[in-house]
Amino acid sequence: MTKRGEDYEAALRTGRPPNIAALFPNSKALIVSGKYIDRAMLAKGRAVALAANGRSSFVIRGALRAAQRANAALIIEIAKSEGGANAYCAINFWNMARTVDALCNELGITVPVAIHADHYGIKSETDVKAAEIEIPSIFDAGITSIAIDASHLPDEQNLLASIKLNPYVPPWAGLETEVGEIKGKEGLSTAEEAMFLIQGLNAHGIFPDWIALNNGTTHGIEASGQGIQVDLTAEIHQVLTPYRVSGAQHGTSGNSSDRLREIVAQTRTTKANVATALQMISWGLEVNDYGNAILDKDGNFIKLSDQGVTNEMWAEMVSFARERNWSGGNFKKLNLPFENKLTGQSRDIRDRMAARVEQFAFNMITKVFNSSDTAPLVVEQILAAGSYDPGPKAKRIEDPQAWTPERIAARAAELPQDGAPSGNFDD
């Protein structure tokens, strides 16, 4: 177990990024760049960090306790749709780091944690302009890792937007990029698309820590049964080997533990997002062994009477949703209007909400993602680097002159074209 000994104190002094040190000068929480989380997984080998989607304080509390039990490095994240300017969660880009830091100090958490802005979506030039102002603001608020997600755009625009926004991401921060929007049956990512994006970024001196793919999953409640395409993922990761980019697995809800273990064992994934499952578990809904909510014969969620929120609170939540015609995955919109009500429940109810998340997350960390005992690896790497910034994994191997805007357009025209995906793929 990582303890607050001499090495830990040294890691606190040198390993916390400048924004974290300025925001929390007296903190004992080891909040670090996402780069270190990725590298710890690589150091252990065939290990994947749990990226717990912090839609509520209960989820964050449970995930932190699980990581502490497992001595595992952890990522706490929220997506732009969930925690951005038009949030449907009380946890957001601007208070997530404060919530994590407070809970770490309260609970005596000593495992390293990265604060990740997931799916920072870019769907137009207007979004790019807004991001130039907003991205610095979220780093001011304690974000230590970000996913610049312009994957809803055609390949050329995805690359150009990613290049344009890179100066607004601190060089020490973890960086995720995405190709092939998470769009279920609308089409899967290809090796050609992934290479186009990573090569173009490399030519401009941008070296992502992770790439997220559309490899067969959707977000939210998965019912199609298609699941993650392990072979496709492994193939794309293999092609990207010279660029030393790890995989980020999205849409884990709805995929069996066995499928996720295959991702861990057969691909170069080091980060896996778990969102909807943790939300449902905290509320006390019946789920299967991998966290997907189970529905009754009428298509309604099944509330366990002795788990999660009180039965009276759940009835109020269901009534609130029905009045707004929310069903299925849209129950996620209950997070914002009910966070204060849930926080106002008695201690025993609050504790059981977090405890159920803790047990599920602990099982994922220890029995599925193989990331137990990765916390000390982060401390070791911080001490070896003597810095909050371990530097890039990769180096420039592409010719910048071959990746000018004009040549990017020409290269993109040669890729298989199926048009930009339609729909809303924010989470």
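For the stretch 294-336 and the stretch 80-112, compute the distance between their C-alpha centroids and round to whole Å.
When both Cα centres are located, 24 Å separates them.
Can you figure out the FRET efficiency of LEU383 with ASN86, using R₀ = 51 Å and their beta-carbon distance, to the nearest 0.05? Don't jump to the answer; show the numbers that get you there.
Details: r = 41 Å, r/R0 = 0.81.
The calculated FRET efficiency here is 0.80.
Give me the accessible area per residue for the stretch 272-391, probe 1.4 Å, as a whole number in Å².
On a per-residue basis, the stretch 272-391 sits at 45 Å².
Report the residue, chosen from ILE133, ILE122, ILE163, that carries the largest GNM mean-square fluctuation when the chain is represented by alpha-carbon nodes joined by springs under 10 Å.
ILE133
Give, rounded to the nearest 20 debye, the magnitude of the charge dipole that the stretch 34-170 has about its Cα centre when Lys and Arg contribute +1 at Cβ and Asp and Glu contribute -1 at Cβ.
It comes to approximately 640 debye.
Heavy atoms of the protein only, probe of 1.4 Å, neighbouring chains included. What is the accessible area of TRP172 in Å², nearest 10?
Estimated to the nearest 10 Å², TRP172 gives 30 Å².
What does the charge dipole of the chain about its Cα centre add up to, to the nearest 20 debye, if the Cβ of each Lys and Arg holds +1 and the Cβ of each Asp and Glu holds -1?
My answer is approximately 1080 debye.
Calculate, in nm to one decimal, what GLU312 and GLN359 gain on full extension: separation in residues at 0.36 nm each, minus their alpha carbon distance.
So the extension gain works out to 14.5 nm.
Which entry in (1) 39.9, 148; (2) 20.4, 64; (3) 21.8, 66 matches Rg and Dmax of the Cα atoms in Å derived from the coordinates of this structure?
So the structure-derived entry is (2).
Once you've got the GNM for the chain with C-alpha springs shorter than 10 Å, pick whichever of VAL128, VAL264, VAL179 has the biggest mean-square fluctuation.
Of VAL128, VAL264, VAL179, the most mobile in the Gaussian network model is VAL128.
Using a 1.4 angstrom probe on heavy atoms only, work out the carbon and sulfur share of the accessible area of the stretch 125-170 in %. Could you put the intermediate results ahead of the total?
On the way: 920 of 1640 Å².
The C+S portion of the solvent-accessible surface of the stretch 125-170 is 56 percent.
Loop only by DSSP, 15 or fewer other Cβ within 10 Å of the Cβ. Give me the trypsin sites (Lys or Arg not before Pro) in the stretch 17-86 that pass, ordered by residue number.
Hits after loop and neighbour filter: LYS28.
In the stretch 48-113, what percent of the accessible surface is made up of carbon and sulfur (1.4 Å probe, ligands and nucleic acids excluded)?
48 percent
Could you provide, to the nearest whole Å², the per residue accessible area of the stretch 83-160 with probe 1.4 Å?
Per-residue value: 31 Å².
Which percentage, to the nearest 5, of the DSSP beta bridges contained in the chain is antiparallel?
So the antiparallel bridges in the chain amount to around 10 percent.
Take the alpha carbon atoms of the stretch 368-419, find their center, do the same for the stretch 25-48, and report the distance between the two centers in whole angstrom.
16 Å
The values are calculated or read from the model by the stated rules, or taken from the named source; none is laboratory data. Just so we're clear, the structure is a prediction, and the values are computed from it rather than from any experiment. We place every Cβ from the backbone using ideal geometry, glycine too, and count neighbours over all the protein chains shown. Protein only, heavy atoms only, side chains kept; ligands, DNA and RNA dropped before computing areas. Shrake-Rupley method; radii C 1.70, N 1.55, O 1.52, S 1.80 Å.
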